[in-house]
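First the structure, in the form of structure tokens, and then the observations on it.
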């Protein structure tokens, strides 16, 4: 076992792969744990011990993690989360998490306001952030009034049960009748308090923005804004496929206000969308964890997981200013998305080629660690079955 604390990477997919590469190259011992048996991170040249975990949504996960830490000598290690349900467990057991691990995050009293979107939107509004028009049904016959704008989308306020019945991030409905049909059909097993109805904000990838990085007590240490140009699936993306680091002062200012109110410490991404109808930048969500395209951070602000490690282990922190203009792509999903957009007439081949030329960060490819990129294609059927992509 390592003589100094290592990192517990919660996940096994491309987010975890990026974390493993950055931490292992910095000489930090790592272990992987995940609810799924297989993922690209297990094939990295930096491969490490792997532990199969109970489902993150189950009550079994936290007791299992505590036992694992005691039995395997992971006490005092740094956990790095990649999933909201992982963070929920740490938040609900905050005092125990801080005693067992080098943990940075929020207690449940604060985290619930970003975990549950029914709480997140009123909270963001109270801090002056515009939000999409949202309806919170109290029961399955409780529908928006006649003046509600359709088409609309059904989204999870809490993802835990929703994800068991559909892989889609949001479900588009054209009428009140279709809305009721989906609530009483496909989503009937999902508690109504876990669902919400939201206006459909028009706009392509150029309207989707994020502020992401490493924060200490709500203040940015190494953070930057980025435009999430393409996503998979193209309409209601579960994950970004092409992202460009670009300055946006409004996105930064609005995001800093929210993170400052939380006093948040750790890695985080705040998502927004510009509404072309009124020009407002509207709040979507805060991911108080590592996000999908986090490896874009390396050329822009540096090695974020190493910064988090140094802060929590050595209390060392050095603020960094972003360098913009870098681009990130995940080939295995971006190519199919681009083909679909070309088929629709929404993307020209020359524009796609121009967007990917000279990309400087990747979600899958790494010249020093090529095997995960090659083997991910063999894993596609497994990932479609277990994760929906």
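Could you check what % of the DSSP bridge pairs in the chain are antiparallel, to the nearest 5?
Antiparallel bridges: around 75 percent, rounded to the nearest 5.
Which peptide among 291-299, 160-168 comes first, and what is the full order, when sorted by highest mean count of other Cβ atoms within 10 Å?
So the peptides 291-299, 160-168, ranked by packing, come out 291-299, 160-168.
Label 7 Å along Cα→Cβ of residue 164; the range 78-93 residues with amide nitrogen under 18 Å?
84-86, 88-89
Shape of the range 133-199 from its Cα gyration tensor (a ≥ b ≥ c, root eigenvalues): rounded if a/c is under 1.5, otherwise prolate when a/b > b/c, or oblate?
prolate
Could you state the principal axis extents of the C-alpha atoms in the range 205-386, from the largest down, to the nearest angstrom?
47, 45, 32
I'd like the orientation of helix 304-314 relative to the chain: the angle between its Cα long axis and the longest Cα principal axis, in ° from 0 to 90, rounded to 10.
Its long axis makes an angle of about 50 degrees.
Return one number: the angle in degrees, 0 to 90 and rounded to the nearest 10, between the long axis of the Cα atoms of helix 249-262 and the longest principal axis of the Cα atoms of the chain.
70 degrees
So, R0 is 45 Å and r is the distance between the beta-carbons of residue 51 and residue 126; what FRET efficiency does that work out to, to 0.05?
Given R0 = 45 Å and the Cβ-Cβ separation, E is 0.65.
What FRET efficiency comes out for the pair residue 139/residue 95, r = Cβ-Cβ distance, R0 = 51 Å, nearest 0.05?
Efficiency computed from Cβ-Cβ geometry: 0.90.
Work out how much length residue 148 to residue 37 would gain on full extension: take 0.36 nm times their residue separation and subtract the Cα-Cα distance, in nm to one decimal. If you can, show how the numbers build up before the last one.
Working: separation 111, 0.36 × 111 = 39.96 nm, distance 4.41 nm.
Fully extending the segment from residue 148 to residue 37 adds 35.6 nm.
Compute the distance in nm between two label points, each set 7 Å from the Cα along the Cα-to-Cβ direction, one at residue 378 and one at residue 318.
4.1 nm
Stretch residue 339-residue 206 to full length: gain in nm at 0.36 nm per residue minus the Cα-Cα span?
The residue 339-residue 206 span can extend by a further 46.1 nm.
Across every pair of different alpha-carbon atoms, what Kirkwood hydrodynamic radius in Å does the range 7-112 reach?
Working: mean 1/r = 0.0722 Å⁻¹.
For the range 7-112, inverting the mean 1/r across all distinct Cα pairs yields 13.8 Å.
Can you tell me the orientation of helix 14-25 relative to the chain, as the angle in degrees between its alpha-carbon axis and the longest Cα principal axis, to the nearest 10?
Value to nearest ten degrees: 30.
Cα convex hull of the range 252-352: mean projected area in nm², to one decimal?
Value for the range 252-352: 8.9 nm².
Binned at 20 Å from 0, what are the whole-percent values of the Cα-Cα distance distribution for the chain, short to long?
27, 61, 11, 0
Of 133, 289, 327, which has the largest mean-square fluctuation in a 10 Å C-alpha GNM of the chain?
133
Any idea how far the Cα center of the range 76-147 sits from the one of the range 262-289, in Å?
After rounding, the separation between the Cα centres reads 13 Å.
Mind checking which of 88, 140, 257 has the largest fluctuation in a GNM of the chain, springs on alpha carbons under 10 Å?
So, out of 88, 140, 257, the one fluctuating most is 140.
With labels modelled as points extended 7 Å from the Cα through the Cβ direction, what inter-label distance (nm, one decimal) is found for residue 351 paired with residue 180?
Result for the modelled spin labels: 4.1 nm.
Could you work out which residue, out of 154, 356, 286, moves most in a Gaussian network model of the chain, that is, has the largest mean-square fluctuation with Cα springs under 10 Å?
Sorting by GNM fluctuation, first place goes to 356.
If each DSSP helix of 4+ residues adds -39,500 (n - 2.57) and the sum is divided by the residues in the chain, what number results at 222 nm, nearest 500 deg cm²/dmol?
Dividing the helical sum by the residues of the chain leaves -10500 deg cm²/dmol.
Every read-out reported here was derived from the displayed coordinates using simple, explicitly stated rules and does not represent laboratory data. It should be emphasised that the depicted structure is a prediction, and the values quoted were computed from it without experimental measurement. Neighbour counts run over all protein chains shown; Cβ positions are idealised from the backbone, glycine included.
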